[in-house]
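J.: Below are the structure tokens for one structure; questions will follow.
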Amino acid sequence: MKHFPETDMNEDERACGAVLSIDLDALRHNYLTLCQQARPAQVSAVVKADAYGTGANHVAPVLYEAGCRVFFVAQLAEAFSLRKILAPDATIAVLNDIQPGMAAATAEAGILPVINSLDSAAEWLALCRSRQQKLPALVQIDTGMARLGLSLAELAGTDTLHDLFSAADIRFIISHLACGDEPDSSMNAAQLEHFKNLIAALPARPLALANSGGVFLGKDYCFNLVRPGIALYGIDPLKRRKTPLRPVVRLEARVIQTRQVPAHTKIGYGSTFTTQRPSWVSTIAVGYADGWLRCLSNKGAAWYKGTRLPIIGRVSMDSITLDTTALKKAPLKRGDLVELIGPQQSVEDVARDAGTIPYEILTSLGPRYARHYLRPR
């Protein structure tokens with residue numbers, strides 16, 4: 001992913017402590033790559049959590065232009081926002097279902113609930129009957145994750161669901177893989193078999209099971225629709241070194257100051273790091289308020305022109321200190337940019353250092369960055 005030139009930034013953007021670049025051309029490439037992989041299944045896009053931290057208002061229109069017509073969010077408020085920027089023929093579905101009393105507002109906005117419970121099914125059924133309309137919705141069934149969706153007992157124990165299939169326009173029956181990013185897990189085959197068994201007892205409808213990892217498990221998992229999320233944003237769900245996906249984000253932080261300190265100097269809150277030699281120390285304008293996790297204190301790094309610069313001391317709310325001694329011949333200057341995510345350090349690398357997953361790194365990226373969107377060519 002290319003660097004965004006400082007010369008292209010306005011004064012407000014140069015006032016920010018870091019620059020977050022989002023490559024919308026890479027996003028488009030990733031969507032089309034997933035389309036090729038899942039063919040002939042339709043490929044939707046999961047744009048919850050502000051498109052995994054990348055900005056749904058910029059990301060969703062690019063995906064729509066690339067051919068995506070089905071979008072998933074987690075909460076109804078996200079769906080309301082998305083509805084304002086997408087064409088009427090875009091389907092927007094709410095994975096977490098909707099809260100009680102919100103059925104009418106959901107239907108009026110042209111948004112589809114993902115029915116996860118019998119209570120929700122009964123509320124949507126009542127609205128369909130009162131309006132004498134077959135309002136669209138999705139139904140989710142639990143195939144072994146025990147998180148969301150109708151259980152086997154709920155599917156068998158009431159007429160509500162049967163009546164819902166008659167009274168509403170059920171567009172898809174869906175479920176979710178617990179271990180889709182672990183291709184060797186026996187859980188995948190078990191969930192696939194359970195899914196097939198459960199849908200056999202339901203009216204025939206288009207089906208969706210595969211998330212990002214599931215797309216790469218084979219055609220048996222793709223059915224009629226797949227729901228990639230993290231893969232759209234350049235993270236290979238199978239953790240392959242050689243991946244057809246392109247990185248979407250780059251993050252560079254500004255240097256606030258650089259100083260030379262003697263050996264045995266204590267660094268940062270709590271004095272958790274002590275220099276063992278005369279050192280150059282640079283402070284950068286990113287901290288845990290910007291989503292750079294505090295657990296990266298005294299581990300992880302930034303990069304500058306191919307040189308790794310270890311994080312020393314605690315990650316503060318607004319700043320991080322780096323050991324930049326390796327650059328002693330050309331110490332960093334105030335205003336210089338160092339790489340936090342980019343060619344030298346991927347989102348996956350940062351997640352590994354933090355002991356977490358790329359999802360958390362991306363969705364933690366804060367609002368104080370100067371954001372630049374590189375448009376599709």
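The values are calculated or read from the model by the stated rules, or taken from the named source; none is laboratory data. Bear in mind the structure is a predicted one, so any value in this text is a computation, not a measurement. Note that we place each Cβ from the backbone using ideal geometry, even for glycine, and neighbour counts take in every protein chain shown.
J.: For PRO367, which of the numbered conditions (1) in contact with a helix residue (DSSP H, G or I) (Cβ under 6 Å, 6 or more places away or on another chain); (2) free of Cβ contacts under 8 Å to residues at least 12 places away in the same chain fails to hold?
T.: Exception for PRO367: condition (1).
J.: Going through region 129-151 one residue at a time, which ones are assigned to a loop (DSSP other than H, G, I, E, B) and surrounded by 12 or more Cβ atoms within 10 Å (Cβ to Cβ)?
T.: GLN133, LYS134, LEU135, ASP142, THR143, GLY144, MET145, LEU148, GLY149, SER151
J.: Next question, about the same structure. Say we look at region 152-172 and pick out the residues that are under 13 Å from ARG205 (Cβ atoms) and small (Gly, Ala, Ser); which of these is surrounded by the fewest Cβ atoms within 10 Å (Cβ to Cβ)?
T.: My answer is SER166.
J.: Let me ask another. Looking at GLN37, GLN99, GLN75 in this structure, which one is of a type outside the set (A, V, I, L, M) and under 30 Å from GLN344 (Cα atoms)?
T.: One residue alone meets the criteria, GLN37.
J.: Given (1) in contact with a Leu (Cβ under 9 Å, 6 or more places away or on another chain); (2) at pLDDT 95 or above, identify the lone condition not met by ARG131.
T.: Among (1) in contact with a Leu (Cβ under 9 Å, 6 or more places away or on another chain); (2) at pLDDT 95 or above, the lone unmet condition for ARG131 is (1).
J.: Tell me the helices (runs of 4 or more DSSP H) entirely within region 1-92 that contain at least 1 residues that are more than 27 Å from GLY213 (Cβ to Cβ) and among the charged types (D, E, K, R).
T.: Counting at least 1 such residues, we get 11-14, 76-83.
J.: Do we have any residue at all in region 336-345 that's in the same structural domain as ARG259 (by TED's automatic domain parsing) and over 30 Å from LYS242 (Cα atoms)?
T.: Yes, region 336-345 contains at least one residue that is in the same structural domain as ARG259 (by TED's automatic domain parsing) and over 30 Å from LYS242 (Cα atoms).
J.: In this structure, is ASP220 in a loop (DSSP other than H, G, I, E, B), farther than 14 Å from VAL70 by Cβ and of a type outside the set (Phe, Trp, Tyr)?
T.: Against the criterion (in a loop (DSSP other than H, G, I, E, B), farther than 14 Å from VAL70 by Cβ and of a type outside the set (Phe, Trp, Tyr)), ASP220 does not qualify.
J.: Can you name every residue in region 308-323 that is assigned to a strand (DSSP E or B) and crowded, with 21+ Cβ neighbours inside 10 Å?
T.: LEU309, ILE311, ILE312, ILE320, THR321, LEU322, ASP323
J.: Might you check whether a residue that is among the hydrophobic types (A, V, I, L, M, F, W, C), in a loop (DSSP other than H, G, I, E, B), farther than 18 Å from VAL338 by Cβ and in contact (Cβ under 8 Å) with a residue 12 or more places away in the chain occurs anywhere in region 278-292?
T.: no
J.: If GLY366 passes every condition in (1) modelled with pLDDT under 95; (2) in a helix (DSSP H, G or I); (3) not charged (D, E, K, R) but one, which one does it miss?
T.: All conditions pass for GLY366, except number (2).
J.: Can you confirm whether region 109-125 contains a residue that is of a type in the set (Asp, Glu), in a loop (DSSP other than H, G, I, E, B) and either assigned by TED's automatic domain parsing to the domain that holds ALA45 or at pLDDT 95 or above (or both)?
T.: No - not one qualifying residue is present in region 109-125.
J.: Right, next: Taking the condition crowded, with 23+ Cβ neighbours inside 10 Å and closer than 27 Å to ALA49 by Cβ, does LEU296 pass?
T.: no
J.: Identify the single condition in (1) under 27 Å from ALA351 (Cα atoms); (2) assigned by TED's automatic domain parsing to the domain that holds SER279; (3) of a type outside the set (Val, Ile, Thr) that ALA263 does not satisfy, given that it satisfies every other one.
T.: Failed condition: (1).
This table checks each residue for (1) surrounded by 14 or more Cβ atoms within 10 Å (Cβ to Cβ); (2) over 20 Å from LEU365 (Cβ atoms); (3) modelled with pLDDT of 95 or more.
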site	(1), (2), (3)
GLY287	yes, no, yes
TRP303	yes, no, yes
THR325	yes, yes, yes
PRO331	yes, yes, no
LEU340	yes, no, yes
PRO343	no, no, yes
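J.: Output the number of the condition that LEU238 fails; it satisfies all remaining conditions of (1) farther than 30 Å from ILE22 by Cα; (2) of a type outside the set (D, E, K, R); (3) not assigned by TED's automatic domain parsing to the domain that holds CYS35.
T.: Status for LEU238: all satisfied but (1).
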